[in-house]
Amino acid sequence: MKPRVIAASTVLHPRNRWFVLGLGATAALAVLVLLSLTGVIGGGGNAKRDAVAAYIEKVNATQRDLAIERQRVGRIYAQARTDPQGLAGNIADLDRSALTLRRFDIRLRRLEPPKDAVELHGRLVALSTAEAGFATEIARLGRYLPALTTERKAVGVAGAVLQRDLAVKTKPKARVPAQAAAFDRFAAAVDAAAKPLQRAPVPTALRPVRAEEIARTADLSVSARALAKALRAGSSADARTLVQRFSEVAAGSGNAVERKAVIAFDAQARRINALRLGVARERLRLDRELR
């Protein structure tokens, strides 16, 4: 059976999709500013009110001890609103910020609230825990986005090289072996591109994005090697089927997984906003009831 020659136009360029945080997500990166409980509840002479006021002052004192680090938190996340990719240049600050928020969470948990402030304390702890966890996720994001960007660039370059190699005119007898070798080189390049991404830290919400990308590159590699094998074996029927499969994988399946991941990431920030609102409401309730 005559070996099948693959036309360069038959194989689609591997789709170089870019993960871009949506507007909701970029705004969410700037929300990690701890609630500041300012002032006290009324004056002296009321034991319950004074006890709650003393507790609030302890919370404020704990926050003041970490004021400089918390200012850094605000600066980093404000910058991330306009340049998520720029997080990679702030890894040390991101790690320090996550540590600061964890320290605040630990100190807050050690405080013993009076009976009337138990609800407020619980809400504050829930807020500080959520903020500390989200800060850790942002630090992971700062490491993950560059790895994903680099991987997708490398796959795109490998696809461009494959297109170019398939378009090279050679003698008829050498054409099929040359194309088979081109698919093998492409598979090797894709495998190499995927390795750093496999090791990169990833925010929990974005794990499906990484899993999909790794699965896609693995499928590209397997399909390319199978095509090389079919070409060398002269199996035209298998080659036609494999070309179709390779083209489908290279085209990708859209951005549905990425959209869901961004929504899940945003949900963490929305929860923080809801928790912060709950703290404010409880603070106002105490202010009214303990006058």
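Could you list all residues from segment 199-217 that are loosely packed, with under 15 Cβ neighbours inside 10 Å and either more than 33 Å from the chain's Cα centre (by Cα) or not charged (D, E, K, R) (or both)?
Selection gives PRO201, THR204, ALA211, ALA215.
Here is a list of conditions, (1) assigned to a helix (DSSP H, G or I); (2) at pLDDT below 65; (3) of a type in the set (Ser, Thr, Tyr); (4) out of contact with any Lys or Arg (no Cβ under 7 Å at 6 or more places or on another chain), and TYR77 meets all of them except one; can you say which number that is?
Of the numbered conditions (1) assigned to a helix (DSSP H, G or I); (2) at pLDDT below 65; (3) of a type in the set (Ser, Thr, Tyr); (4) out of contact with any Lys or Arg (no Cβ under 7 Å at 6 or more places or on another chain), the odd one out for TYR77 is (2).
Criterion first (on the phi < 0 side of the Ramachandran plot, under 20 Å from the mean Cα position of the chain (by Cα) and surrounded by fewer than 16 Cβ atoms within 10 Å (Cβ to Cβ)) does ILE272 satisfy it?
no
Checking GLN244 against (1) free of Cβ contacts under 8 Å to residues at least 12 places away in the same chain; (2) buried (at least 19 other Cβ atoms within 10 Å of the Cβ); (3) not aliphatic (A, V, I, L, M), only one condition comes out false. Which one?
(2)
Might you let me know whether segment 187-210 holds any residue that is more than 17 Å from ALA261 (Cα to Cα) and hydroxyl-bearing (Ser, Thr, Tyr)?
Scanning segment 187-210 turns up no residue that is more than 17 Å from ALA261 (Cα to Cα) and hydroxyl-bearing (Ser, Thr, Tyr).
Working carefully through the options GLY159, GLY86, find the one that is part of a helix (DSSP H, G or I) and either within 23 Å of the chain's Cα centre (by Cα) or under 30 Å from ARG49 (Cβ atoms) (or both).
Of GLY159, GLY86, the one residue that is part of a helix (DSSP H, G or I) and either within 23 Å of the chain's Cα centre (by Cα) or under 30 Å from ARG49 (Cβ atoms) (or both) is GLY86.
Looking at segment 30-62, which of its residues are modelled with pLDDT of 65 or more and farther than 18 Å from LEU286 by Cβ?
ALA61, THR62
Is it fair to say LYS153 is more than 18 Å from PHE246 (Cβ to Cβ), in a helix (DSSP H, G or I), of a type outside the set (Phe, Trp, Tyr) and without any contact (Cβ under 8 Å) to a residue 12 or more places away in the chain?
So LYS153 fails the test.
Can you spot a residue in segment 221-240 that is within 32 Å of the chain's Cα centre (by Cα), surrounded by fewer than 22 Cβ atoms within 10 Å (Cβ to Cβ), without any contact (Cβ under 8 Å) to a residue 60 or more places away in the chain and within 29 Å of PHE134 (Cβ to Cβ)?
Within segment 221-240, none of the residues are within 32 Å of the chain's Cα centre (by Cα), surrounded by fewer than 22 Cβ atoms within 10 Å (Cβ to Cβ), without any contact (Cβ under 8 Å) to a residue 60 or more places away in the chain and within 29 Å of PHE134 (Cβ to Cβ).
Loosely packed, with under 15 Cβ neighbours inside 10 Å, free of Cβ contacts under 8 Å to residues at least 24 places away in the same chain and outside any helix (DSSP H, G or I), is that true of LYS169?
Answer is yes for this residue.
The values are calculated or read from the model by the stated rules, or taken from the named source; none is laboratory data. Everything quoted here is computed from the prediction, not taken from an experiment. All Cβ positions, glycine included, derive from the backbone under ideal geometry; neighbour counts span all protein chains shown.
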